[in-house]
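Asker: Pasting a structure here, questions to come.
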Amino acid sequence: MPRDPEVELVPSVCPHDCPSTCALEVERLDGGRIGRVHGSKRNSYTAGVICAKVARYAERVHHPDRLRTPLRRVGPKGVGLSSFEPMGWDEALDIVAGKLAAVAARHGSEAVLPYYYAGTMGYVQRDGIERLRHVMRYSRQFNTICVALADNGWVAGVGAKRGVDAREMASSDLIVVWGGNPVSTQVNVMTHLARARKERGAKLVVIDPYRTGSAEQADIHLAVRPGTDGALACAVMHVLFKEGHADRDYLARLTDASPALEAHLASRTPEWAAAITGLTVEEIVSFARLYGQTKRSYIRVGYGFSRTRNGSAQIHAVSCLPAVTGAWQYEGGGALYGQSGLYKLDRTTIQGLDALDRSVRVIDQSRLGPALVGDPRDLAGGPPIHALFIQNTNPVAVCPESAKVRAGFLREDLFVAVHEQFMTDTAAMADIVLPATTFLEHDDFYTASGHTYLQVAKKVIAPHGESRSNHEVICALAARLGAKHPGFEMTPWQLIDDMLARSNLPDAETFHQKGGIDMAPPFETAHFLDGFGHKDRRFHFAPDWKAVGNDCANMPKFPDHMATNEEATPDKPFRLVAAPARSYLNTSFTETPGSLKREKRPTILVHPRDLGQLGVAPGALVRVGNDRGQIALHAEAREGQQPGVVVIESIWPNTAFVEGIGVNVLTSADPGYPGGGAVFHDTAVWLRPA
Ligand SMILES: Nc1nc2c(c(=O)[nH]1)N[C@H]1C(S)=C(S)[C@@H](COP(=O)(O)OP(=O)(O)OC[C@H]3O[C@@H](n4cnc5c(=O)[nH]c(N)nc54)[C@H](O)[C@@H]3O)O[C@H]1N2
Ligand SMILES: Nc1nc2c(c(=O)[nH]1)N[C@H]1C(S)=C(S)[C@@H](COP(=O)(O)OP(=O)(O)OC[C@H]3O[C@@H](n4cnc5c(=O)[nH]c(N)nc54)[C@H](O)[C@@H]3O)O[C@H]1N2
Ligand code: SF4
Ligand SMILES: [Mo]
């Protein structure tokens, strides 16, 4: 569509928790509004393409429900806007600071938990809360909700959190999207792999328990049972060794491969894996042959198959494949999980690391529910949590075991302040709600996990209503609490420049002028030809699990299927996958008309055979539950997944479900092995007609 020449295009960066971190061009209109948002062509990973939900960002940033003023709750918790009345900023900040100070004075500073995540991925606005935490000695947060299991599994083998540049997919002959759904969750993967398909006739394999948008586009879809990818990977390696597709020279030079590894894999037959994965022997063997016969094979490792109790072992097992064939050596070959280990950024000032005291107790982010209801395992011998200050996350909807989260937030003796853009499920439980800017209304700095650019963005429009940025709120609270740190006296731009100077990088203005700087390492390094990340420079088939986590008793010596998941039982015969919805970004965009129109209503996808056996008509209301709770939602028949597997695309607000209880009442807060991490796709449930 031709653009109106009068419209000013302003550069920005998408701040959402998405591996793509797209470079944007925002149409700035008169009167402080924006028009369409476009992908920038200056960034060769974005390559002019962004997802539909962010292209329509005008719907979100100018939404009539955006919070405009601070609010005080005067009615019951959990009801929404009608329970609140507007108030002034000074009074609101005085109350929040006063409560945090009173709780710390009475119960100790660890009774205060600043709680955050990745509503924005900008370093200044996301991580400033850490500075306040450390200076005030408030409880620390162990970040486990997203990448912990996958990071540990990847680093166990590869030794560094980086991989082959995603743009190289254009030179691949086989692309395996393993446990990810890029059509929904990072659209740019599809751009780059489409080139390989068009120009080289590359094959696309998608490994996912259900027929996602990505699976629909694949040449081969392997619909594994959830949590069984380790078995599939082992059987593939079995075939690779048996049929002569292992690169023995590579294995000897750059890995710790041993006769014991081969003997172990000799017992991991396709028949063995078929029984575990639910795939046929034929499917497994033909995928293994395709992989073994293709030098330029690229695995794009998603997060999906890490979100199980055995998730780290699963990621490790899959990361072994290119080490067996030596695919790492070739252009367009190897694998990528994430690139965040490429950058060595010194975040001392932003995060207040110079004030960090490692003796302060740590709360597991994913176990917020158990921690709030006082599970002694989660309080590390410290006081109950009496005050929560929340930015950038919506735990009442997104945390597992949400019945406990809710019970915790309902505690009369808990003070909650939430800094938000919308009246989320979490804000509705707060005592004080503060209105927050979006990325278009503040400055920030961004790294990416899916590509290698570092980027900065300046604000594009004035703040909505009276909303303030996270940085402003953190600094205002620091002033009231008497928290001293140079970071509280700096502007966001100064904080970015401070970090860049400490990291020996050009200043923020240079990043801005250039539209970001590509930090891609040379081919040799990107492909680990100069060695992997471990001390011995080798890939580890036999990982030192103790180096990545404490709970190692169950960890297998070699890549394997680790049978520690919440298996289906006669009374809970279904395995639930709580996958992301295409038009939402976690719970963000659940308020925008364009996204709602596409997602329609909370839905459980059930195999037609199962629906028939349950006597449920497609479209009917069903009840889904387990020992942790139950929910009601509509069912839809879906081919392309195994019987016994059900899928709820989310994360809908709890209030979108007919009974006001959302999907995470079903998911478990058990930490995955060996170093913790949320297990959102590792859930057994029963299903009944409602
Ligand atoms: N549209 C949209 N985009 C998003 C998000 C969103 O909510 N919506 N969320 C963002 C965030 S925070 C993140 S971390 C990323 C996550 O993006 P992804 O890497 O795509 O990871 P997941 O969202 O966990 O799940 C991806 C796929 O894994 C599949 N899966 C689940 N269990 C298994 C398994 O055991 N084996 C295999 N092979 N596959 C399995 C699911 O069915 C799902 O299709 O996406 C980001 N982008
Ligand atoms: N069932 C199920 N649950 C899941 C997952 C799943 O796949 N299935 N995925 C999990 C994963 S991978 C993740 S990462 C988590 C994500 O969970 P969250 O981090 O809670 O992600 P969002 O729901 O997008 O919530 C971010 C909130 O931050 C707010 N926000 C955005 N920018 C700013 C800002 O600048 N300032 C302030 N103060 N607020 C801001 C947004 O309005 C939004 O309400 O969810 C997890 N929960
Ligand atoms: S949500 Fe992801 S794909 Fe969409 S614009 Fe943002 S970074 Fe790009
Ligand atoms: Mo995430």
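Asker: Within the range 298-313, work out how many residues are under 17 Å from the mean Cα position of the chain (by Cα) and either under 25 Å from His192 (Cβ atoms) or part of a helix (DSSP H, G or I) (or both).
Answerer: Within the range 298-313, residues that are under 17 Å from the mean Cα position of the chain (by Cα) and either under 25 Å from His192 (Cβ atoms) or part of a helix (DSSP H, G or I) (or both) number 10.
Asker: While we're on this one: What is the one condition in (1) assigned to a loop (DSSP other than H, G, I, E, B); (2) more than 16 Å from ligand 2 (Cβ to nearest atom); (3) surrounded by fewer than 17 Cβ atoms within 10 Å (Cβ to Cβ) that Val49 does not satisfy?
Answerer: Here Val49 meets the rest and fails (3).
Asker: Can you find a residue in the range 210-223 that is assigned to a helix (DSSP H, G or I) and buried (at least 23 other Cβ atoms within 10 Å of the Cβ)?
Answerer: yes
Asker: Any idea which of (1) without any contact (Cβ under 8 Å) to a residue 60 or more places away in the chain; (2) within 21 Å of Glu331 (Cα to Cα); (3) not aliphatic (A, V, I, L, M) is the one Glu216 doesn't satisfy?
Answerer: (2)
Asker: I need a count of the residues in the range 621-669 that are farther than 28 Å from Thr592 by Cβ, surrounded by fewer than 24 Cβ atoms within 10 Å (Cβ to Cβ) and in contact with an Asp or Glu (Cβ under 8 Å, 6 or more places away or on another chain).
Answerer: Of the residues in that region, 4 qualify.
Condition check ((1) surrounded by fewer than 19 Cβ atoms within 10 Å (Cβ to Cβ); (2) acidic (Asp, Glu); (3) within 16 Å of ligand 1 (Cβ to nearest atom); (4) touching a residue at least 24 places away in the same chain (Cβ under 8 Å)) across all residues:
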site: Glu331; (1), (2), (3), (4): yes, yes, no, yes
site: Gly341; (1), (2), (3), (4): yes, no, no, yes
site: Leu345; (1), (2), (3), (4): yes, no, no, yes
site: His386; (1), (2), (3), (4): no, no, no, yes
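Asker: To continue, here is another question. Under 9 Å between Cβ atoms, at least 6 apart or on separate chains: pull out the pairs that start in the range 16-35 with a residue that is under 22 Å from Cys146 (Cβ atoms) and not assigned by TED's automatic domain parsing to the domain that holds Thr185 and end on any residue that is within 16 Å of ligand 2 (Cβ to nearest atom) and basic (Lys, Arg).
Answerer: Filtered contacts from the range 16-35: His16/Lys53.
Asker: A further question on this structure: Grab the helices (runs of 4 or more DSSP H) fully contained in the range 504-610, keeping just those with 3 or more residues being within 16 Å of ligand 2 (Cβ to nearest atom) and farther than 27 Å from Ala273 by Cα.
Answerer: So the answer is 593-599.
Asker: Suppose the filter is at pLDDT 95 or above, more than 16 Å from ligand 3 (Cβ to nearest atom) and over 22 Å from the mean Cα position of the chain (by Cα); does Arg361 pass it?
Answerer: Taking the combined requirement at face value, the residue satisfies it.
Asker: Could you tell me whether the range 16-25 includes any residue that is modelled with pLDDT of 95 or more and either at positive phi or surrounded by fewer than 18 Cβ atoms within 10 Å (Cβ to Cβ) (or both)?
Answerer: Yes, because at least one residue in the range 16-25 is modelled with pLDDT of 95 or more and either at positive phi or surrounded by fewer than 18 Cβ atoms within 10 Å (Cβ to Cβ) (or both).
Asker: Which one of these is among the hydrophobic types (A, V, I, L, M, F, W, C) and without any contact (Cβ under 8 Å) to a residue 24 or more places away in the chain: Ala417, Ala436, Ala380?
Answerer: Exactly one residue qualifies, and that residue is Ala380.
The values are calculated or read from the model by the stated rules, or taken from the named source; none is laboratory data. These numbers were taken from a predicted model, which means no experiment stands behind them. Note that each Cβ is placed from the backbone with ideal geometry, even for glycine, and that neighbours are counted across all protein chains shown.
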